[in-house]
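Notes to accompany the following structure.
Computed from the coordinates by the stated procedures, all read-outs in this text should not be read as laboratory data. For clarity, every value in this text was computed on a predicted model and none was experimentally measured. For neighbour counting, all protein chains shown are included, and Cβ atoms are generated from backbone atoms with ideal geometry for every residue, glycine included.
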Amino acid sequence: MKSEPATARILDAATRLFAERGFDGASTRLIAEAAGLNIATVNYHVGGKRDLYFAVMTGAAEAERAALEAALDSCAEPGRLTGPADVHLVVDRYLDFCVARPEIPALWMHRWLSDADDVAVFEAAHVNPLVSRLIELTRPVAAPGADVEYALWSVIWTVHGFARGGVPDASGRRRRTDDPEALQRFRAALHRLVSGLLALEHTP
């Protein structure tokens, strides 16, 4: 860790702490300690707490955008959704991304609970353009009258909820993304969910 550039260490520590504690629960002092630095060094390289938060959330949004762009590039016609198979491919890739990067769903779930609510400009700059693009790409394959916007948000909320909390089984034990059977069942349920919300013609 000592050999890592200071900015990378700071952002890594900030990401972990904001994901675990949210904006209000992660102080600049805690972030500095986790990075093995002092507050002055953190301020010098990244800035104050709001700067840290904005940098972390920007990184999360850019990672999501890159994952979705890669998924869209893997569709039958790169960059377009031409049918249910493409929709399910993108949904699968998003689920895989959240499984591989659990800190990102954690960051968003804190934010949805009004964490750092005064940093409202973030959604306008990073979230709305991506969601708007996905809505426009999905409309041609959805049934007439389908609420594409709420369908997409329902998928996002559901994936984040499972990625963070899993599903309790009959014994009360939570089955999470590291449980292959639970993950397979969730993936199949997610396909049925998106197919039903968009009234897709065929569910693989």
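Here are some notes:
- Environment charge at Leu72 (Cβ cut-off 14 Å; Lys +1, Arg +1, Asp -1, Glu -1): -3
- Axis of helix 148-165 versus longest Cα principal axis of the chain: the two differ by about 50°, to the nearest ten degrees.
- Seen against the Cα atoms of the chain and their longest principal axis, helix 49-73 is set at about 30 degrees.
- Three-way shape label, segment 65-156, alpha-carbon gyration tensor, a/c 1.5: prolate
- From the coordinates of this entry, Kirkwood radius over Cα pairs in Å is computed, and it appears in (i) 19.2; (ii) 18.4; (iii) 17.3 under the label (ii).
- Degrees between helix 128-138 axis and first principal axis of the chain (Cα, 0 to 90, nearest 10): 20
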